[in-house]
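Written out below as C-alpha cells is the structure these notes cover.
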Amino acid sequence: RVSLRLKDYQKSSEYLQRGISLLRKARNKGLLAEAALQEAEFELETGEIDPALKTCERTLGEIRELGMKLLEARGQRILGRIVTAQQRFAEAEMHLRESVALAQRYRGEYEKALALKSLAEMYRLQPGMKRSPRLFQSNLSKAISIFRQLGAEIDLSQCTQMLTSPDS
C-alpha cells in the first residue's frame, strides 16, 4: 500500500505479487481477499480499468460470503472509484454511499473518511457539476474533519489541496 501511495508501481507490483503468493500458500481467505482489493486498486492506479473492475467485483462477492463488513466497505469504495473512472457517476455514487454507510455502521472511521473523500472526488469530476458543488464541499468537509480527528496528515493535506483547487 505504501509503495502504491508513493506511486512506486514497480515495487508495489512486486510486493503485491509476493504477498498474494504467500497468502495463497497460507490459505487465509480474509487476507487474500484484502490483497485482491489491493490488486484492484493497483490496477485502477495504473490505468487498467477493466481488469480492476473484474478483480474488485469478484473479490466483493468473496468478501460478502466471508461476512467481512469493513472490508466490504473498502471494496465498495474501490468499486466506486473504478466506475467513477468509467464516468458512470450514478453507479459510482451508489457504491461510495454504501461504503460510507458500512464504514459508519461498523465504526471504520478512516474508511468512512476515505469514502467521503472519494465521493467528493466523484462529484468534482461530474460534467457540469450542476448539483455537485454543494455535495463536493459537504463530503470533503466531513472527510477533513475525520482525518483531522484521526491525525491522518497525508489524507488531510490531500483534502485541503482539493478544497483550495477543486477543478484540478
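The values are calculated or read from the model by the stated rules, or taken from the named source; none is laboratory data. Here the structure is a predicted model, which is why all the values come from computation and not from measurement. With ideal geometry, Cβ positions are generated from the backbone for all residues, glycine too; neighbour counts draw on all protein chains shown. Note: accessible area is taken over every heavy atom of the protein model, side chains too, but ligands, DNA and RNA are not part of it. Shrake-Rupley method; radii C 1.70, N 1.55, O 1.52, S 1.80 Å.
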Expressed in nm to one decimal, what extension gain is obtained for the pair ILE20 and GLN86 from 0.36 nm per residue of sequence separation less their Cα-Cα distance? 21.1 nm
Based on the mean of other beta carbon atoms within 10 Å per residue, what is the order of 37-49, 142-154, most packed first? 37-49, 142-154
If you roll a 1.4 Å probe over the heavy atoms of the protein chains, what accessible area per residue do you get for the chain, in Å²? 55 Å²
Per-residue ellipticity at 222 nm attributable to helices in the chain (runs of n ≥ 4 DSSP H, -39500 (n - 2.57) apiece, nearest 500 deg cm²/dmol) works out to -27000 deg cm²/dmol
So, with a 1.4 angstrom probe, what is the percent of accessible area on region 25-159 that is carbon and sulfur? 51 percent
From the Cα gyration tensor of region 26-124, with a ≥ b ≥ c the square roots of its eigenvalues, which class applies: rounded if a/c is under 1.5, or else prolate if a/b is larger than b/c, or else oblate? oblate
Give me the number: length gained by fully extending GLN10 to GLN158, i.e. 0.36 nm times residue separation minus the C-alpha to C-alpha distance, one decimal in nm. 51.0 nm
